[in-house]
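The next block holds one structure in the form of structure tokens; read it before the comments.
No lab work stands behind these numbers, since they all come straight from the coordinates. Everything numeric in this text was worked out from a predicted model, so none of it was measured. Cβ: placed from backbone, ideal geometry, glycine included. Neighbour counts: every protein chain shown.
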Amino acid sequence: MINQMLLAIFLITDFAYFLFLHNSPFPWFALAGTAIGLAIIMFCWSGTKYLLFNIMLLLSAAVFSLAYNWSSIF
């Protein structure tokens with residue numbers, strides 16, 4: 001269970017950092033769309049077996065979208 005959580009956080013962290021380095025304004029919509037798309041694919045493919053992975057994927061995408069856009073929001 002902890003492996004699912006850590007993998008989701010690791011995937012989103014790396015992708016968010018990649019987007020941050022290669023784009024001047026942070027593309028939060030690309031990060032959110034990727035997380036939602038991967039969560040839908042994983043849910044349709046495996047059902048509720050990897051539900052914790054999907055939840056952590058979406059939560060970490062929301063957290064990192066806020067973290068990298070903090071200066072734009074406030």
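Can I12 be described as part of a helix (DSSP H, G or I), within 13 Å of the chain's Cα centre (by Cα) and among the β-branched types (V, I, T)? Taking the combined requirement at face value, the residue satisfies it. When the range 3-12 is filtered for residues that are touching a helix residue (DSSP H, G or I) at 6+ places or on another chain (Cβ under 8 Å) and loosely packed, with under 15 Cβ neighbours inside 10 Å, only L7 remains. List the pairs whose first member sits in the range 34-55 and is more than 21 Å from L19 (Cα to Cα), whose second member is surrounded by 14 or more Cβ atoms within 10 Å (Cβ to Cβ) and among the polar types (S, T, N, Q), and whose Cβ atoms are under 8 Å apart, counting only residues at least 6 apart or on separate chains? So the pair list comes out as M42/N54; F43/N54; Y50/Q4; L52/Q4; F53/Q4. Any chance the range 26-44 includes a residue that's under 13 Å from M5 (Cα atoms) and among the polar types (S, T, N, Q)? No, the range 26-44 has no match at all.
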